[in-house]
1. Would it be correct to say that ASN7 is surrounded by fewer than 18 Cβ atoms within 10 Å (Cβ to Cβ) and within 20 Å of GLN134 (Cβ to Cβ)?
2. Scan the range 179-199 and tell me whether some residue there is closer than 30 Å to LYS61 by Cβ, part of a loop (DSSP other than H, G, I, E, B) and acidic (Asp, Glu).
3. One residue is enough: does the range 36-57 have a residue meeting the conditions touching a residue at least 24 places away in the same chain (Cβ under 8 Å), at positive phi, surrounded by fewer than 23 Cβ atoms within 10 Å (Cβ to Cβ) and not hydroxyl-bearing (Ser, Thr, Tyr)?
4. Let me confirm something: among PHE248, PHE183, PHE279, PHE268, which residue is modelled with pLDDT of 95 or more, of a type in the set (Phe, Trp, Tyr) and within 21 Å of the chain's Cα centre (by Cα)?
5. Would a scan of the range 200-208 turn up a residue that is touching a residue at least 12 places away in the same chain (Cβ under 8 Å), among the hydroxyl-bearing types (Ser, Thr, Tyr) and open to solvent by 30 Å² or more (accessible area, probe 1.4 Å)?
6. Given ASN202, ASN155, ASN192, which one is modelled with pLDDT of 95 or more and of a type in the set (S, T, N, Q)?
7. Going residue by residue through the range 15-25, is there one that turns out to be open to solvent by 50 Å² or more (accessible area, probe 1.4 Å), without any contact (Cβ under 8 Å) to a residue 40 or more places away in the chain, of a type in the set (Lys, Arg) and not in a strand (DSSP E or B)?
8. Within the range 90-115, which residues are within 12 Å of ligand 2 (Cβ to nearest atom), open to solvent by 10 Å² or more (accessible area, probe 1.4 Å) and not β-branched (Val, Ile, Thr)?
Amino acid sequence: MLHDTYNRIHDYLRISLTDNCNFRCTYCMPDESISLIPQKKLMQADEIFSIAEIFTTLGVKKIRLTGGEPLVRKDFAAIIQRLSTLPVQLTITTNGVLLDRYKEVLQKAGIQSVNISLDTLDPVKFLQITQRDQFQKVWDNILMCMDHGIYVKLNIVLIKGFNDDEVLDFIRLTKSLPVHLRFIEFMPFDKNEWNKDKVVHNQLVLESVAQQYELFKLRDDKNDTAKKFGIFGHAGTVSFISTLSDSFCGTCNRMRITADGKMKNCLFGAEEFDLLGAFRKGENIIPIIERCLLKKHKMLGGQFDDYTHVDPDKLQNRSMIKIGG
Ligand code: SAM
Ligand code: SF4
């Protein structure tokens, strides 16, 4: 079992497969043209498997593949196929645009749930936020997943003045579709043009939904980041991920590995521990993993507590696309 100094057990690993992406979401990628991690510095498929396997011997029960866009890795099928042999719940976070291409691969790997990012239901705004004209493709793939019985969570990053007027449109989807919405507060990362005035406080979103719909609380699992609600008469659900306004650090069980094999103990943590470098030298990486966790801060990477006072230029971190969301 992996513990930190606050007695939090860590059994959930997020692995970024790449810092590359076929979209350019403005809140995720820095404005300037991004330089990609060189191919030989990326964890290779067999390295990903071996490192993940080591984590399972330390008690990891769940692995999420992310990025960048995990489905742009040419060897994605081989990676997920191998990881599916580990005794973990395996899942992915994706922008959804390539899901049809990987339908059989995901089925074979036993993937039962996927998180798909979709910040707007308006194709014009979709193009504006992702800089790709792919709304219809993503939407068709969301429906395809549901048709195949996959549990679909929709990640929606709310940005004031951009999509906060669409909350009820998203909620209406849940009437007939078994889709599980997750409203996420816009978070500050390197050069993502964040400022506190763009954050939509989730409590206000919840209140506005509750004025129109009869919500009932659903049970959250111990380490859930999302507070989940059902809506009477609806097939889907709605959750709120309030990282900034009501952080869930107290029950955090998450660790991350970047695509270049650096372990991060927190999304907001500045510290990185080079697992891949050590692994390539044939060193035992377990002491490094343990040391990394012992450095974990109580909350939000030790970088801030009240988001309304954050100066984004003072935060030390990668951009989201380089961390792996
Ligand atoms: N490309 C995949 C996708 O878009 O789902 C996986 C990687 S993406 C970095 C993972 C998640 O992080 C997405 O749901 C995305 O919306 C979210 N994300 C990215 N930047 C964010 C930010 N600044 N604040 C909140 N969530 C963010
Ligand atoms: Fe790509 Fe996902 Fe970031 Fe959008 S949120 S740029 S799809 S990695």
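The values are calculated or read from the model by the stated rules, or taken from the named source; none is laboratory data. For clarity, every value in this text was computed on a predicted model and none was experimentally measured. Here the Cβ positions follow ideal geometry from the backbone for every residue, glycine too, while neighbour counts run over all protein chains shown. Note: areas computed on protein heavy atoms with side chains; ligands, DNA, RNA excluded. Shrake-Rupley method; radii C 1.70, N 1.55, O 1.52, S 1.80 Å.
1. Values: surrounded by fewer than 18 Cβ atoms within 10 Å (Cβ to Cβ): yes; within 20 Å of GLN134 (Cβ to Cβ): no.
Against the criterion (surrounded by fewer than 18 Cβ atoms within 10 Å (Cβ to Cβ) and within 20 Å of GLN134 (Cβ to Cβ)), ASN7 does not qualify.
2. No, every residue in the range 179-199 fails to be closer than 30 Å to LYS61 by Cβ, part of a loop (DSSP other than H, G, I, E, B) and acidic (Asp, Glu).
3. For the range 36-57, residues touching a residue at least 24 places away in the same chain (Cβ under 8 Å), at positive phi, surrounded by fewer than 23 Cβ atoms within 10 Å (Cβ to Cβ) and not hydroxyl-bearing (Ser, Thr, Tyr): absent.
4. Details: PHE248 fails: modelled with pLDDT of 95 or more; PHE279 fails: within 21 Å of the chain's Cα centre (by Cα); PHE268 fails: modelled with pLDDT of 95 or more.
The conditions single out PHE183.
5. First, the residues of the range 200-208 that are touching a residue at least 12 places away in the same chain (Cβ under 8 Å): 200-203, 205-206, 208.
Next cut, among the hydroxyl-bearing types (Ser, Thr, Tyr) only: 208.
Pick out the ones that are also open to solvent by 30 Å² or more (accessible area, probe 1.4 Å) and you get 208.
Looking through the range 200-208, at least one residue is touching a residue at least 12 places away in the same chain (Cβ under 8 Å), among the hydroxyl-bearing types (Ser, Thr, Tyr) and open to solvent by 30 Å² or more (accessible area, probe 1.4 Å).
6. Details: ASN202 fails: modelled with pLDDT of 95 or more; ASN192 fails: modelled with pLDDT of 95 or more.
Sole residue among the options that is modelled with pLDDT of 95 or more and of a type in the set (S, T, N, Q): ASN155.
7. Let us first name the residues in the range 15-25 that are open to solvent by 50 Å² or more (accessible area, probe 1.4 Å), namely 20, 24.
Those left that are additionally without any contact (Cβ under 8 Å) to a residue 40 or more places away in the chain: none.
Checking the range 15-25: not a single residue is open to solvent by 50 Å² or more (accessible area, probe 1.4 Å), without any contact (Cβ under 8 Å) to a residue 40 or more places away in the chain, of a type in the set (Lys, Arg) and not in a strand (DSSP E or B).
8. ASN95, LEU98
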